[in-house]
1. What number goes with the only condition from (1) surrounded by 14 or more Cβ atoms within 10 Å (Cβ to Cβ); (2) in a helix (DSSP H, G or I); (3) more than 14 Å from chain B (Cβ to nearest Cβ) that residue A:45 does not pass?
2. Looking at the stretch B:41-49, can you tell me whether even one residue there is hydroxyl-bearing (Ser, Thr, Tyr) and either surrounded by 19 or more Cβ atoms within 10 Å (Cβ to Cβ) or more than 21 Å from residue B:138 (Cα to Cα) (or both)?
3. Being modelled with pLDDT of 95 or more, within 14 Å of chain A (Cβ to nearest Cβ) and not in a helix (DSSP H, G or I) is the requirement here; does residue B:50 meet it?
4. For the stretch B:15-24, indicate whether the set of residues that are of a type in the set (Gly, Ala, Ser) and touching a Leu at 6+ places or on another chain (Cβ under 6 Å) is non-empty.
5. Return the residues of the stretch A:68-84 that are more than 7 Å from chain B (Cβ to nearest Cβ) and closer than 19 Å to residue B:120 by Cα; say none if nothing qualifies.
6. If you check B:66, B:79, which single one turns out to be closer than 24 Å to residue B:27 by Cβ and either surrounded by 22 or more Cβ atoms within 10 Å (Cβ to Cβ) or within 13 Å of chain A (Cβ to nearest Cβ) (or both)?
7. Condition check: over 21 Å from residue B:133 (Cα atoms) and either touching a residue at least 60 places away in the same chain (Cβ under 8 Å) or among the hydroxyl-bearing types (Ser, Thr, Tyr) (or both). Does residue A:75 satisfy that?
8. Out of everything in the stretch B:114-134 that is in a strand (DSSP E or B) and in contact with a Phe, Trp or Tyr (Cβ under 7 Å, 6 or more places away or on another chain), what residue ends up being farthest from the other protein chains (Cβ to nearest Cβ)?
Amino acid sequence: MIKLLFFARLRDDLGCAQEDLALPAGVDTVAGLRAYLMARGAIWQEALARGGALGVAVNQDMAQASTPISAGDEVAFFPPVTGG
Amino acid sequence: MPVRVQTEDFDAGAEIARLRAGNPKVGAVAAFVGVARDVNDGGAVAKLSLEHYPGMTERALEQIVVEAHARWRVIDALVIHRVGSLKPTDQIVLVAVASGHRGDAFQACEFIMDYLKTRAPFWKKEVTPEGARWVEARAEDDESAARWQARQADVG
């Protein structure tokens, strides 16, 4: 299993803050996971299709499209940060 | 504890006093306080709420402070960032850096703030007369953070 987290506008758009997901076969990177989630339907497609503007963290460190994902990981998707 | 994420307000004067208390090596303290305004993107703002990613936020802020220590002669640094419901005039963030001399303190303080704006997972939502809206990230914030990378490239 992996733990998915969604924050801020992304959480609102998806209507989902957290989800436990069995790591799908063939998914082993951030890019692969994102493509898998986008295939879920129009809402997911639109929410996650934000190019470089989408932030991703794996185990609470900022990640890239190529960052590996394996069982037990915590993967968070979020919009660009706006603190300070 | 150099990094705190909290709902409560903070006393910047008391925090600065504590940061340098009893340390005769400190010759300069630079501090920045970010405050909630009543206007943004041309619209009135009545309230705002600040959301964060618990765990990652503290980790990201600690990494930024560690990087500031690596780049400048920093004796001690403090970051306090509030979350939850805020209104205009409320304090949002405090960054304070103690150093031997002002140059290190000023630069490290600005660096921490610039990196915080682009790397620490906080999100603001504003309540306006037209309803609630998520605040959009600004390109200028990315440019401000990128300046420090360019400077490091010059040095390194």
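1. (1)
2. Start the filter on the stretch B:41-49 by keeping residues that are hydroxyl-bearing (Ser, Thr, Tyr), which leaves B:49.
Going one step further and asking which of them are either surrounded by 19 or more Cβ atoms within 10 Å (Cβ to Cβ) or more than 21 Å from residue B:138 (Cα to Cα) (or both), we end up with none.
No, there is no match, as no residue in the stretch B:41-49 is hydroxyl-bearing (Ser, Thr, Tyr) and either surrounded by 19 or more Cβ atoms within 10 Å (Cβ to Cβ) or more than 21 Å from residue B:138 (Cα to Cα) (or both).
3. Yes.
4. No; the residues of the stretch B:15-24 include none that is of a type in the set (Gly, Ala, Ser) and touching a Leu at 6+ places or on another chain (Cβ under 6 Å).
5. Here is the first cut: in the stretch A:68-84, the residues more than 7 Å from chain B (Cβ to nearest Cβ) are A:68-75, A:77.
Hits for the stretch A:68-84 are A:74, A:75, A:77.
6. Numbers: B:66 fails: either surrounded by 22 or more Cβ atoms within 10 Å (Cβ to Cβ) or within 13 Å of chain A (Cβ to nearest Cβ) (or both).
When all the criteria are applied, what remains is B:79.
7. Here the answer is yes, as residue A:75 does meet what is asked.
8. B:125
The values are calculated or read from the model by the stated rules, or taken from the named source; none is laboratory data. Since we're looking at a predicted model, the values are computed, not measured. Cβ: placed from backbone, ideal geometry, glycine included. Neighbour counts: every protein chain shown.
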